[in-house]
Every structure is written in structure tokens, then in C-alpha cells.
Amino acid sequence: MRTLTRPFLLAATATCGLLAQAQQEVMVSQYMFNGLFLNPAYAGSHPYVSGSVLHREQWTNMPGAPSTSMLAVDGPVWNDRMGLGLSIVHDRIGVSRDLDISGHYAYSIRTGETSRLAFGLRAGLSVYSANIGELVYWDANDDVYQQRIKNAMVGKFGFGVFWHDELTYVGLSVPTIYAADGQVSAAAASALDHYFTQHFYLHAGRVFHLNENFDLKPSVLVKYQPDAPPQVDLNCNVLFRDRLWLGAGYRTGDAFVGMLEYQITPMFRVGYAYDMTTSMLRRFNGGSHEVMLGIDLGKDPVRIKSPRYF
């Protein structure tokens with residue numbers, strides 16, 4: 001067995017368990033402003049082309065911790081009845097690398113004067129690689145842990161529904177209903193029954209106008225994966241003078257979250273989030289950092305008093 005201190009071994013064991021169960025789909029704290037990463041039906045939900053770039057460093061100062069970079073763009077087509085989107089995600093977790101490129105399609109119908117219900121599809125391709133031999137192992141002669149997965153192509157398909165009006169949204173999605181992961185699963189067959197698993201997301205939020213200066217937006221994200229306990233993100237953001245968002249949240253069993261977003265111009269917005277770990281891993285890392293840049297193309301500058309709520 002490789003020489004490791006006992007605390008680090010415990011942390012590595014916990015980390016591998018968490019990553020195998022919960023990190024196959026992207027996890028971000030600023031999900032309420034980046035709905036396309038959760039739900040393909042979010043595509044085209046605004047009357048303009050919207051894009052965002054986000055980078056997340058999770059569990060800083062901890063070897064093998066997740067690092068995620070994401071880009072997404074979406075917009076309406078065909079008189080706002082349909083939406084198209086593109087997302088690119090690069091995920092690095094321990095010995096694995098995953099580059100995911102997905103297209104998103106949504107079709108929406110009116111359910112009221114200002115409300116719409118959209119149905120979305122996601123189709124993508126992941127380029128996955130891993131050096132399993134770099135994992136902590138007990139038997140150096142075990143063939144399973146000497147294997148290397150290099151540039152395995154994995155097709156993925158997902159589905160979602162998204163309802164919203166000017167102040168409220170509710171969505172349900174399964175970003176990966178099916179993954180053609182035979183090559184990856186076969187390489188790790190002795191260690192895992194399967195690799196990619198279905199994740200179910202339920203997300204909702206509402207904006208309450210308090211006065212001419214303040215708006216309040218509570219939101220929730222429920223994450224369910226059959227092989228892991230459910231996890232819930234509870235968040236509350238306050239909007240000051242239609243420009244500055246300040247927020248706080250709690251992710252059950254994981255972290256407290258602080259968030260900040262500023263609308264620089266009608267076109268550009270920036271955001272930052274910090275996660276303070278509450279699990280046993282807090283002894284081995286410095287928390288998680290997340291930065292975001294949002295761009296809204298075609299948004300009328302005169303409409304600065306109609307801020308983007310989600």
C-alpha cells in the first residue's frame with residue numbers, strides 16, 4: 001500500500017465516495033443564474049441571447065479536488081416558441097477528466113399572460129479519460145487499478161421541463177437520462193457496477209418586491225441520485241436597486257454559501273460565490289470558490305429597471 005497519513009487517507013476515502021456519487025453532473029452554487037446547466041428546458045427562456053462563463057474550484061488546497069469550467073449560451077427562435085442552447089463543461093476530479101459538449105432544445109407553450117411551460121431535450125458527447133492506476137489502492141498487483149481509460153467517447157441524452165413567469169420559476173430535469181458509457185463501465189467493472197447514473201433535479205424560486213429599493217428571492221434546488229442521500233440547496237438572495245444581488249445559502253450535509261452578483265451594465269454581470277465546508281472535509285480544505293461572467297446580448301439598455309431575476 002502507498003504510504004499515506006491516516007487523516008489524508010480518511011479524506012481521500014470520503015472524497016472518492018462523494019465524487020463517485022454526486023459529481024458526475026456539474027455542481028455550482030450560482031445555479032439560480034445559470035439554469036441551462038441544470039435544465040435543457042431553460043433554453044430560450046429570455047427574449048434575448050444570454051451567455052455565461054463560470055469557473056469553480058472546489059475544496060481548495062485538497063489534492064484531487066474537483067475543478068470545473070463551464071460556458072453556456074442560449075436564446076429564443078421562431079417567435080420565442082423554441083429555444084436553442086449550447087453548453088461546454090470541462091470537469092477535472094482526481095484522476096479523471098471529462099469534456100462535455102451538449103446541445104439543448106426547448107419548446108414552450110403559453111400558460112398565461114406572462115407565463116410559459118417549456119419542454120427541453122439535451123444531447124451531447126463527453127470525452128472521458130482517467131488513470132485508475134493513480135488511485136489509492138491496497139494491492140499494487142491488482143489489474144483493475146493499473147488500467148487507464150483514454151479519451152472514451154460517451155454519448156448522453158437528457159430531458160427537462162421548466163415553467164416560469166416574470167417572478168416565479170419551477171423546473172424538473174434529468175440532465176442524463178441515458179449515457180452510452182459501456183467503454184468506461186467495462187474498464188472499471190470490478191470497482192463499479194456502472195459509472196454514469198441518473199441525477200434528478202427539482203429547482204424553484206420566486207421574487208418578492210419589498211419596496212422600490214429591495215427585492216427578495218428565495219430559491220431551492222433538490223438533488224436526488226438513487227445511490228446517494230438526497231441533497232437540498234436552500235438559498236435567499238436580496239436585490240438592491242436592481243443592480244446588486246447579495247445572497248446566502250445552505251447545502252445540506254456540505255456547506256454554507258455566500259454569493260454576490262453585480263449588474264455592471266445591462267449587458268454584463270459578474271458573480272462570485274464562496275462555499276464554507278461543513279462536512280468532515282472542512283479539516284482538509286479551504287472551502288470552494290466560484291466566479292462567473294454573464295453576457296446578455298440584445299437586451300434593451302433602457303430596460304435597466306427590468307432586471308434579470310433568474
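A few notes on this one:
- Spatial separation of Cα centroids for segment 94-125 and segment 199-263, in angstrom: 20 Å
- In sequence order, calculated HN-Hα J values of segment 238-254 (Karplus, 6.51, -1.76, 1.60; Hz; x Gly/Pro): 10, 9, 10, 6, 6, 10, 10, 9, 10, x, 9, x, 9, 9, 4, x, 9
- Close amide H pairs (under 5 Å, H built 1.01 Å from N) link Ala65 with Gly94, residues at least 5 positions away or on another chain.
- Taking Met32, Met62 and counting other C-beta atoms within 10 Å, the order from fewest to most: Met62, Met32
- Karplus 3J(HN,Hα) series, Hz, for segment 30-45 with 6.51 cos²θ - 1.76 cosθ + 1.60 (x for Gly, Pro): 8, 4, 5, 10, 9, x, 5, 5, 9, 9, x, 6, 6, 4, x, 7
- In Hz, Karplus ³J(HN,Hα) per residue of segment 203-214 (6.51, -1.76, 1.60; θ = phi - 60°; x = Gly, Pro): 10, 7, x, 8, 9, 10, 7, 8, 6, 5, 9, 10
- For segment 43-115, a/c is not less than 1.5, where a ≥ b ≥ c are the root eigenvalues of the C-alpha gyration tensor, and a/b tops b/c. That puts it in the prolate class.
Bear in mind that the values in this text are calculations on the coordinates, not laboratory data. Predicted, not measured: the structure shown is a model, and the values here were computed from it. Note that each Cβ is placed from the backbone with ideal geometry, even for glycine, and that neighbours are counted across all protein chains shown.
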